[in-house]
1. Roughly how many percent of the accessible protein surface of the stretch 230-309 is carbon and sulfur, given a 1.4 Å probe and a whole-percent answer?
2. Just report the Cα centroid separation between the stretch 175-194 and the stretch 537-562, whole Å.
3. Hey, quick one: spin label on Asn437, modelled 7 Å out along Cα-Cβ, who in the stretch 300-316 has an amide N within reach, i.e. under 20 Å?
4. Percent of Cα-Cα pairs more than 22 Å apart in the stretch 453-537, please.
5. Pop out the ³J(HN,Hα) list for the stretch 185-190 in order, Karplus 6.51 cos²θ - 1.76 cosθ + 1.60 with θ = phi - 60°, rounded to Hz; leave Gly and Pro as x.
6. Once phi is turned into ³J(HN,Hα) by the Karplus curve 6.51 cos²θ - 1.76 cosθ + 1.60 with θ = phi - 60°, what whole-Hz value does each residue of the stretch 191-208 show in order, with x for glycine and proline?
7. 5 Å is the cut-off here: which amide hydrogens, built 1.01 Å from N in the peptide plane, fall below it relative to Val412, excluding neighbours closer than 5 in sequence?
8. Please compute the modelled spin-label separation between Met562 and Glu589, points set 7 Å along Cα→Cβ, answer in nm with one decimal.
Amino acid sequence: MANEKTAPAPDSVQCPVCFKDFTPATINGHLDICLLKGLTDHSPSTADESGPPVKKSRTGTEAVNKSAASSSSMAGAQSPVMFSLFQSNKGKAAVQTERNSLFTSKQSPVSAVNKGVKRLLNEEAEPGPTGTETLTSQQPAPVSNGQSLKTAKHLSPRTLFTTDKPLAEVLRPDTLEEYFGQSKVVGQQTLFRSLLDSQEIPSLILWGPPGCGKTTLAHIIASNSKKKGTARFVTLSATSTSTSEVREVIKQAQNELRLCKRKTILFIDEIHRFNKSQQDTFLPHVECGTVTLIGATTENPSFQVNAALLSRCKVLVLEKLCVEAMGSILNRAVATLGIRIQGQDPANLKDQDQTDGCRQKIYIEQKALDTIAYLCDGDARVGLNSLQLAVQAQMSQTNLLAHNGSPQEVLVTEDHVKEGLQRSHILYDKAGEEHYNCISALHKSMRGSHENASLYWLGRMLEGGEDPLYVARRLVRFASEDVGMADPSALTQTVSAFQACHFIGMPECEVILAQCVVYLARAPKSVAIYKAYDNVKACLRSHKGPLPPVPLHLRNAPTRLMKQLGYSKGYIYNPAFSGPVEQEYLPEELQGINFFTWKPSNP
């Protein structure tokens with residue numbers, strides 16, 4: 001075995017443990033000795049001070065730090081780090097197999113070290129199924145909470161409010177005990193809760209409005225998976241991920257399942273941003289269990305997710321957070337940040353006062369918290385970030401430390417919160433699910449002659465940014481579909497409203513639409529025309545054989561040939577008679593039918 005420190009020969013191979021150069025014929029025998037001794041001593045077998053330059057640790061694991069601290073011969077420098085894949089206790093045969101697969105791969109991490117190329121690693125060591133740590137290279141970083149709740153509890157409010165991360169990200173919970181507002185989905189007696197406790201997570205589609213906790217639920221799943229070492233968690237966003245990156249993650253998941261017998265949970269945020277062909281990439285791998293897919297979307301998965309993929313996943317519908325849930329979230333936030341509620345003196349803040357030296361005293365009115373809970377429209381992200389904005393604004397305006405060193409108090413009031421929020425956040429998507437929900441509610445409220453509900457749903461649409469001409473077109477349809485012959489002037493009213501909206505636009509035309517909506521709600525209703533025409537369509541579709549021809553006496557005869565063929569023969573011109581005229585206008589097969597009372601027969 002060559003121990004010279006000269007430049008490696010062109011055909012030499014570098015040991016990944018002690019970083020010395022050997023010929024291909026001798027590297028295998030050296031690795032058997034070097035690896036087995038390294039497992040016993042927790043250090044490279046032949047490393048000395050004259051070895052290669054010090055390299056940065058490839059893992060931030062606790063085991064590596066202990067190994068570096070125990071190496072007294074490498075004073076002032078870090079010892080070379082062993083690949084954690086070689087730290088397994090599976091025996092010599094398993095080590096030999098994994099080592100051969102690494103050396104035969106042209107793009108393996110070992111080949112990168114052999115060539116002297118510095119690799120940029122974006123990876124995280126996670127507990128493996130046997131209690132060891134597995135190094136997963138070139139994988140997307142798992143879901144990160146930004147700053148865990150435990151870390152946040154040790155920081156002062158000033159530190160947290162001056163961080164560059166939103167408060168909603170800093171205080172994101174990682175346990176179900178701190179996850180509020182979705183008891184129907186993750187309550188104690190729910191199916192999903194039992195599956196999560198048993199680490200048997202199926203492929204899921206999380207569907208809900210913004211800020212209801214979809215991403216947070218994925219974080220909780222990731223946290224449980226990492227603690228128990230049952231699965232590897234990878235997160236991607238459909239807004240910035242290509243199909244090639246998805247295929248690379250799936251390839252890594254296949255290797256992880258084959259080598260370490262560990263599953264991979266793949267979280268795709270905003271999965272509706274993937275088109276149908278991109279979503280097809282997941283189909284075979286979700287089907288065979290290579291990956292457990294968790295997709296989050298604010299759009300209706302029935303329309304935005306491929307039907308084949310949807311059939312392989314369970315859809316969890318998360319509701320908009322209620323005011324009580326938002327209050328619990330805000331109370332947890334102020335307790336974590338050490339903010340006092342004015343008029344209350346919680347006992348748990350005394351210890352923090354001693355830690356902070358009473359240097360920071362921040363108060364908030366209970367009414368201010370209630371205002372945030374009501375105005376954030378069930379969006380926890382909006383609520384927490386609004387709290388952060390209000391406190392930051394007051395902290396910047398108030399000098400926390402006076403010139404004499406005495407502490408200054410910061411008080412956040414309801415007016416400060418309202419100033420930051422400006423107005424209620426209205427959830428409305430002109431091109432999505434809420435668009436169709438609101439127009440359906442408006443139509444049914446007018447049909448039920450409930451004028452107050454009709455005005456409310458009209459306001460929801462217009463204040464949410466809906467096109468007023470779209471609403472006007474729907475009112476024109478309603479005038480014939482639901483009012484009909486009970487008030488024929490309703491059609492004139494709706495057409496006039498459409499023209500007026502086209503002339504003046506928003507916001508002036510909102511009153512015109514409101515007048516038209518109230519008129520239609522109060523008008524008598526008749527669906528006779530609507531049902532009769534539906535019967536005509538049913539008659540045409542259920543007719544067997546060729547459709548009956550138009551009777552000859554009803555046909556025009558502009559030419560001599562057509563007159564000779566009998567066209568228009570026998571037709572009675574009605575205006576020529578003062579009374580009613582008996583004449584058939586339907587084909588012979590349909591004579592005597594009344595489409596207002598006719599019922600189509602079931603096929």
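1. Here it works out to 48 percent.
2. If we compute the Cα centre of each part, the gap is 65 Å.
3. Once the point is set 7 Å along Cα→Cβ of Asn437, 300-305, 315-316 turn out to lie under 20 Å by backbone N, inside the stretch 300-316.
4. Of the Cα pairs, 26 percent sit more than 22 Å apart.
5. Each residue of the stretch 185-190 in turn: 9, 10, x, 4, 9, 8 Hz.
6. 5, 5, 5, 5, 5, 5, 5, 8, 6, 10, 7, x, 5, 10, 10, 8, 10, x
7. Here the answer is Tyr363, Ile364, Glu365, since their amide H atoms fall under 5 Å of that of Val412.
8. For Glu589 paired with Met562, the spin-label model returns 2.4 nm.
The values are calculated or read from the model by the stated rules, or taken from the named source; none is laboratory data. Bear in mind the structure is a predicted one, so any value in this text is a computation, not a measurement. Because the Cβ atoms are built from the backbone with ideal geometry, glycine has one as well, and the counts that use them run over all protein chains shown. Note: accessible area is taken over every heavy atom of the protein model, side chains too, but ligands, DNA and RNA are not part of it. Shrake-Rupley method; radii C 1.70, N 1.55, O 1.52, S 1.80 Å.
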